[in-house]
Amino acid sequence: MAQPAWQDPVLLDIDTAPVPEYGSGSLADLLPTLVAGQGVPGFTATIPELAPADRNCVFLIDGLGWEQIKAHPDEAPFLHSLLPTSRGGAGRPVTAGFPATTATSLASVGTGRPPGEHGLPGYTVRDPHTGELMNQLRWQPWTPPAVWQPHPTIFALADAAGVRTAQVSAPAFERTPLTQVALSGGTFLGRLTGEERMDVAAERLAAGDRSLVYTYYSEVDANGHRFGVDSDAWRGQLMHVDGLARRLAEQLPPRSALYITADHGMIDIPFDERSRIDFDEDWELRAGVALLGGEGRARHVYAVPGAENDVLAVWREVLGEQFWVASRDEAIEAGWFGPTIDERVHGRIGDVVAAAHDDVVITASVNEPHESAMVGMHGSMTPAEQLVPLLEVRS
Ligand SMILES: [Zn+2]
C-alpha cells in the first residue's frame, strides 16, 4: 500500500536493534564458561548460572530457536521439561550473535569469540584480498582456513590442557574447512545417524575424568528452510530431535552437564512481493552496488568505490521501515558483531548492513535461486531467530 503523501515513512532507528548479549549471554560465552569450570587456564565463566562440571557435553540442534521450542510443547515434551518454570529451573535463552546463521554461530561456539574476532560475519562476505564473495558455510572459493580464522578453538585449548575432547557429527564434516576453523581439536568421530551420535557422545563423555564433547544434528534446520517452521515435516523433526536429546540425557555418565543449544532460530516468510524483495530485479537497490553478500535477512552490501553514501541513503529510504539499515561504522559502533573487530575482519563487513525487523527478506532470484526459494529463513536480531536455547541436564 502506498504511503499517503503527507505522512513521512517511519524509519527504524538502528539503536533499537536488540544487539546480541556478547560477553554475558551469547553462544560465544558457552565453551569459555564450561572450560573455565574444568580448570583450563586462561578462561573465565561469563555465564555465571552454569555450575562447573567435570564432564561437559554440548548438543547443538541446527535451527531450533528458543521460541520454536516454547511454541511446541506437544512435539517436544522432553525439551519442554527443561524450560524454566515458575518454581525456577536452569533453562534460559542465549543470543546467537549477528548474523544468526550457521557458519557464524558455529565459529562463535568453537572459538568462544564474537564474529568481529573470529571473522565469519555472515553466510557470504567479501574477501578484501580478492574482492570476491566467499561463502563461509561451503567455503567457496577455497581460502586458506588458518589465515581466514587464525584463533585457536576452545576444543584445541581444552585438549592441550588435558581435557578429553571430541566432536561427534556427520562423517562428511570431518575434513571441511569450517570444521577446521571452528570445531577442531581432540578427536572427530563421524556417525551417520542421530542415535549413533548420541550414544557415541555419551561414551566419549565417560572416557575422561574431565571431558568436553560436542555433537550436532542438522535436519530441523533443513526441513524448516524447505517446508517452513510448523510444517508437518518440521514438526516430525522436532519430535525426533526431542527423542535424541532424551536418549543422550539418559546415558550421561556421573559428574556430567549436558547443554542443549542451537545456532539460530527461524521464521517463515510469506510468498508475496511485499515480503520478498528481489534485489536482482530492483534497479533502485542495485544502483552503485558491486556485490550483495550475507543472506535474505542479514545483508552485507558492498558498494562501488565512492558510492557508499549513496547506497546507504537509497537502502535506508527504500527498506528502512522494515530493516535496520546501518553503515559499516554504525553497525560496528552499535556492537552488532561484538565489542571488537579484528583488523582482518573489518573489510569483510558490508559498506551497508541491512538486518530484517519485519517478516521480510531481500532475495536474489538470479544469483541465489536456491536460497531465495526457501520458506523458513533466519539471520537477523529478532527474538524468533536470535534467541537459542541453553537447556541443562545434570547427572
Ligand atoms: Zn539454516
Among the residues of the range 288-308, are any in a helix (DSSP H, G or I) and over 19 Å from residue 385 (Cα atoms)? yes
Considering only the range 335-346, how many residues are open to solvent by 10 Å² or more (accessible area, probe 1.4 Å) and either within 20 Å of the chain's Cα centre (by Cα) or farther than 25 Å from residue 27 by Cα (or both)? 6
Among (1) outside any loop (DSSP other than H, G, I, E, B); (2) out of contact with any helix residue (DSSP H, G or I) (no Cβ under 7 Å at 6 or more places or on another chain), the one test that residue 74 misses: (1)
Checked pairs for the range 32-53, first touching a residue at least 40 places away in the same chain (Cβ under 8 Å), second assigned to a loop (DSSP other than H, G, I, E, B), C-beta under 6 Å and 6 or more apart or across chains, list as 32/43; 32/112; 35/43; 38/163; 38/210; 40/161
Among all residue pairs at least 6 apart or on different chains, which show Cβ distances below 7 Å where the first residue, located in the range 83-95, is closer than 12 Å to residue 388 by Cβ and modelled with pLDDT of 75 or more and the second is of a type in the set (Phe, Trp, Tyr) and open to solvent by less than 60 Å² (accessible area, probe 1.4 Å)? 93/66
Considering residues that are without any contact (Cβ under 8 Å) to a residue 60 or more places away in the chain and farther than 25 Å from residue 147 by Cα, the number found within the range 323-350 is 2
Which residues, counting only those in the range 26-46, are surrounded by fewer than 19 Cβ atoms within 10 Å (Cβ to Cβ) and under 22 Å from the mean Cα position of the chain (by Cα)? 45
Neighbours by Cβ (under 6 Å, 6+ apart or cross-chain): first from the range 246-269, of a type in the set (Asp, Glu); second within 16 Å of the ligand (Cβ to nearest atom) and open to solvent by less than 20 Å² (accessible area, probe 1.4 Å): 263/62; 263/102; 263/105; 268/228; 268/376
Regarding the range 109-126, can at least one residue be identified that is more than 20 Å from the chain's Cα centre (by Cα) and assigned to a loop (DSSP other than H, G, I, E, B)? no
Residue 54 being within 16 Å of the ligand (Cβ to nearest atom) and at pLDDT 95 or above: no
Count - residues of the range 107-121 that are at negative phi and either open to solvent by 10 Å² or more (accessible area, probe 1.4 Å) or out of contact with any Leu (no Cβ under 7 Å at 6 or more places or on another chain) (or both): 9
Restricting to the range 250-297, name every residue that is within 16 Å of the ligand (Cβ to nearest atom), of a type in the set (D, E, K, R) and either touching a Lys or Arg at 6+ places or on another chain (Cβ under 8 Å) or open to solvent by less than 20 Å² (accessible area, probe 1.4 Å) (or both). 263, 297
How many of the residues making up the range 347-395 are away from the ligand (no atom under 13 Å from the Cβ), in a loop (DSSP other than H, G, I, E, B) and open to solvent by 10 Å² or more (accessible area, probe 1.4 Å)? 11
Out of (1) away from the ligand (no atom under 16 Å from the Cβ); (2) within 30 Å of residue 78 (Cα to Cα); (3) surrounded by fewer than 20 Cβ atoms within 10 Å (Cβ to Cβ), the odd one out for residue 230 is which? (1)
Checked against (1) open to solvent by less than 10 Å² (accessible area, probe 1.4 Å); (2) part of a helix (DSSP H, G or I); (3) away from the ligand (no atom under 16 Å from the Cβ), residue 241 satisfies every condition except (3)
Which is part of a strand (DSSP E or B) and either closer than 30 Å to residue 205 by Cβ or aliphatic (A, V, I, L, M) (or both), of 331, 326, 313? 326
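The values are calculated or read from the model by the stated rules, or taken from the named source; none is laboratory data. Since this is a predicted model, take the numbers as computed values, not measurements. No Cβ is skipped: glycine too gets one built from the backbone with ideal geometry, and neighbour counts run over all protein chains shown. Accessible surface is based on the protein model in full, side chains and every heavy atom, while ligands, DNA and RNA are left aside. Shrake-Rupley method; radii C 1.70, N 1.55, O 1.52, S 1.80 Å.
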